[in-house]
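Read the structure below first, then the notes.
The values are calculated or read from the model by the stated rules, or taken from the named source; none is laboratory data. Worth saying up front: this structure is predicted, and the values here are computed from it rather than measured. Cβ placement follows ideal geometry from the backbone for every residue including glycine, while neighbour counts extend to all protein chains displayed.
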Amino acid sequence: MMNKNIKHRHQPLISVITVVKNCEESIEETILSVLNQTYKNVEYIIIDGGSTDSTKSIIKKYESRISKWISESDSGIYNAMNKGASLATGIFIAFLNADDIYFPDSIKELVENYSIKDFDYTFGAVEIEDTNNNIVNLSKPIDNLPISSNQTLLMPAPHLSVFVKKTIFNQLNGFDEKFSLSSDYDFLIRLIGVSKKVFYFKNPVGVFRLGGKSGSFRTYLENFLVFRKHKYSIVFSFYHTLKHLIKEVIKKIFC
């Protein structure tokens, strides 16, 4: 494990965690989007799941600027994300997938607003890019937080836009590892349940790239279990799961 973090004593430390395995085609751009942030007091942690392609070589290329990185097997993406969070020492932590990128001023916007406002986490918009590198949509967070966590139906915000205080992350015991695809959704529902102190980014935070497992049939089925965990009725949970599955089928047939 490498630890090369240089702290700026008068600026809050922000921790960014990337979980990766065999992403040689995209990991370098992801790394550079963190290292080239205009705000410099960033602790960058990479958790590699034992890549067998050139991913580790690319990480080593930048290891003098990466705060910590490890390469070892894990039991799934959320196990790796929890592992990364346990190594983080920043006030806020965030998770940047190995296919995605931040825009250069995103962390600067976070810190500048945190210096004048009190908030526990952030929501924001992200650009959605297809497999041909075309921007196809702008994914936005919900406008108003619900009164209680079990009133949250849709994904509250793109996961890429969420920076959360580490104290809150620890209070929630991180990601529930029994979910292999929907634990971020479950986490955001729980997050809203313990705090309404959210900051909304004015500008899009970065780019989310399509092509992973999110939005798959299995994800929607797992969301059903998330609904039930948060005490939605069985009818409600079944109806909304079925609705999204039908939309997914139509999309695959006609799009």
Do we find a residue being of a type in the set (Phe, Trp, Tyr), over 16 Å from the mean Cα position of the chain (by Cα) and surrounded by fewer than 21 Cβ atoms within 10 Å (Cβ to Cβ) anywhere in segment 67-80? no
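Is it the case, given these coordinates, that Thr122 is buried (at least 23 other Cβ atoms within 10 Å of the Cβ) and not acidic (Asp, Glu)?
Working: buried (at least 23 other Cβ atoms within 10 Å of the Cβ): yes; not acidic (Asp, Glu): yes.
So Thr122 fits the description; yes.
For (1) assigned by TED's automatic domain parsing to the domain that holds Val20; (2) within 16 Å of the chain's Cα centre (by Cα); (3) closer than 20 Å to Val164 by Cβ, each residue gets a yes or a no:
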{"residue": "Glu109", "(1), (2), (3)": "yes, no, yes"}
{"residue": "Phe119", "(1), (2), (3)": "yes, no, yes"}
{"residue": "Thr122", "(1), (2), (3)": "yes, yes, yes"}
{"residue": "Ala125", "(1), (2), (3)": "yes, yes, yes"}
{"residue": "Ile128", "(1), (2), (3)": "yes, yes, no"}
{"residue": "Thr131", "(1), (2), (3)": "yes, no, no"}
{"residue": "Ser139", "(1), (2), (3)": "yes, yes, yes"}
{"residue": "Asn144", "(1), (2), (3)": "yes, no, yes"}
Matching residues in segment 178-197 - criterion: being within 19 Å of Ala94 (Cβ to Cβ) and surrounded by fewer than 16 Cβ atoms within 10 Å (Cβ to Cβ): Val194, Lys197
Those residues of segment 8-41 which are under 21 Å from Asn113 (Cα atoms) and assigned to a loop (DSSP other than H, G, I, E, B) amount to His8, Arg9, His10, Gln11, Pro12, Leu13, Asn36, Gln37, Thr38, Tyr39, Lys40, Asn41
Are there helices (runs of 4 or more DSSP H) fully within segment 66-183 with at least 1 residues that are touching an Asp or Glu at 6+ places or on another chain (Cβ under 6 Å) and more than 24 Å from Ser51 (Cβ to Cβ)? List them. 166-171
Is at least one residue of segment 20-40 assigned by TED's automatic domain parsing to the domain that holds Phe163, surrounded by 14 or more Cβ atoms within 10 Å (Cβ to Cβ) and over 27 Å from Ile128 (Cα atoms)? no
Between a first residue in segment 130-155 that is farther than 11 Å from Leu210 by Cβ and surrounded by 11 or more Cβ atoms within 10 Å (Cβ to Cβ) and a second residue that is among the basic types (Lys, Arg) and modelled with pLDDT under 80, which pairs have beta carbons less than 7 Å apart while being 6 or more apart in sequence or on different chains? Asn150/Lys231
Those residues of segment 188-223 which are modelled with pLDDT under 70, in a loop (DSSP other than H, G, I, E, B) and not hydroxyl-bearing (Ser, Thr, Tyr), in sequence order: Gly211, Gly212, Lys213, Gly215
Across (1) more than 17 Å from the chain's Cα centre (by Cα); (2) under 29 Å from Asn203 (Cα atoms); (3) of a type outside the set (Val, Ile, Thr), Ser64 clears everything bar (2)
Going by what's in this entry, would Gly174 be described as surrounded by 16 or more Cβ atoms within 10 Å (Cβ to Cβ) and at pLDDT 60 or above? yes
Criterion violated by Lys60 - all others in (1) in a helix (DSSP H, G or I); (2) touching a residue at least 40 places away in the same chain (Cβ under 8 Å) satisfied: (2)
